1. How many residues are of a type outside the set (D, E, K, R) and more than 18 Å from LEU114 (Cα to Cα) if we restrict to the range 48-93?
2. Would you mention how many residues in the range 1-56 are touching a strand residue (DSSP E or B) at 6+ places or on another chain (Cβ under 7 Å) and either in a strand (DSSP E or B) or hydrophobic (A, V, I, L, M, F, W, C) (or both)?
3. Does any residue of the range 54-66 turn out to be touching an Asp or Glu at 6+ places or on another chain (Cβ under 9 Å), in contact (Cβ under 8 Å) with a residue 60 or more places away in the chain and β-branched (Val, Ile, Thr)?
4. On the given criteria, is THR104 crowded, with 16+ Cβ neighbours inside 10 Å, at pLDDT 80 or above and either touching a helix residue (DSSP H, G or I) at 6+ places or on another chain (Cβ under 9 Å) or among the acidic types (Asp, Glu) (or both)?
5. Got a sec? Which of ASP24, ASP3 is more than 16 Å from ILE91 (Cα to Cα) and charged (D, E, K, R)?
6. Which ones in the range 57-110 are assigned to a strand (DSSP E or B), more than 28 Å from GLN46 (Cα to Cα) and not acidic (Asp, Glu)?
7. Do the conditions hold for ARG89, that is, is it over 21 Å from SER143 (Cβ atoms), out of contact with any helix residue (DSSP H, G or I) (no Cβ under 6 Å at 6 or more places or on another chain) and at pLDDT below 95?
Amino acid sequence: MLDQATDTEIIAASPQRCYDVAVDFERYPEWAHDVKEANVLERDAQGRATKVEYRASALGRSTHYTLSYDYSQAPNRLSWSLAQGDIMRVIDGAYDFASEGAGTRVTYSLKIELIVPLPGFVKRRAEVRILHTLKELKTRAES
């Protein structure tokens, strides 16, 4: 079953600063609590990471997955999809960046389908934890 979640934060930083934090994948372990490793596997002609392999903690265990990134709407949007994963079939997500006053409205949307079905209360706890990444991005961009 495909689960979806969306969250929005107003960040006291420019859209460019927020975007720059979001595309600095190799530094995710410094600020995204659940990301333990992030390794860029492929880059495009402009040097942007197009495939990134992650090791993260999820549901009490370590998981590995690789995301493919789409820059077609950059710097207003950064989107991604699952290239490979050990416990998920689908991960489609995006950060949308829009100026709002002196800051940026960042919307984080995610669709995920796990290989193994989970009880509703476990899914809700996982959703809260995943969406917390946006608050961590806010802290990093504002620092």
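The values are calculated or read from the model by the stated rules, or taken from the named source; none is laboratory data. Here the structure is a predicted model, which is why all the values come from computation and not from measurement. Backbone-built Cβ (ideal geometry, glycine too); neighbour counts: all protein chains shown.
1. Residues flagged as of a type outside the set (D, E, K, R) and more than 18 Å from LEU114 (Cα to Cα) within the range 48-93 amount to 12.
2. Summing the residues that are touching a strand residue (DSSP E or B) at 6+ places or on another chain (Cβ under 7 Å) and either in a strand (DSSP E or B) or hydrophobic (A, V, I, L, M, F, W, C) (or both) in the range 1-56 gives 34.
3. No, the range 54-66 has no match at all.
4. For THR104, the condition - crowded, with 16+ Cβ neighbours inside 10 Å, at pLDDT 80 or above and either touching a helix residue (DSSP H, G or I) at 6+ places or on another chain (Cβ under 9 Å) or among the acidic types (Asp, Glu) (or both) - is met.
5. When all the criteria are applied, what remains is ASP24.
6. Once the filter is applied, which keeps residues that are assigned to a strand (DSSP E or B), more than 28 Å from GLN46 (Cα to Cα) and not acidic (Asp, Glu), the range 57-110 yields SER57, ALA58, ARG61, SER62, THR63, MET88, ARG89.
7. Yes: the conditions hold for ARG89.
Okay, residues lined up against (1) surrounded by 15 or more Cβ atoms within 10 Å (Cβ to Cβ); (2) within 25 Å of GLY101 (Cα to Cα); (3) in contact (Cβ under 8 Å) with a residue 24 or more places away in the chain:
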site: SER14; (1), (2), (3): yes, yes, yes
site: ALA22; (1), (2), (3): yes, yes, yes
site: TRP31; (1), (2), (3): yes, no, yes
site: ASN39; (1), (2), (3): no, no, no
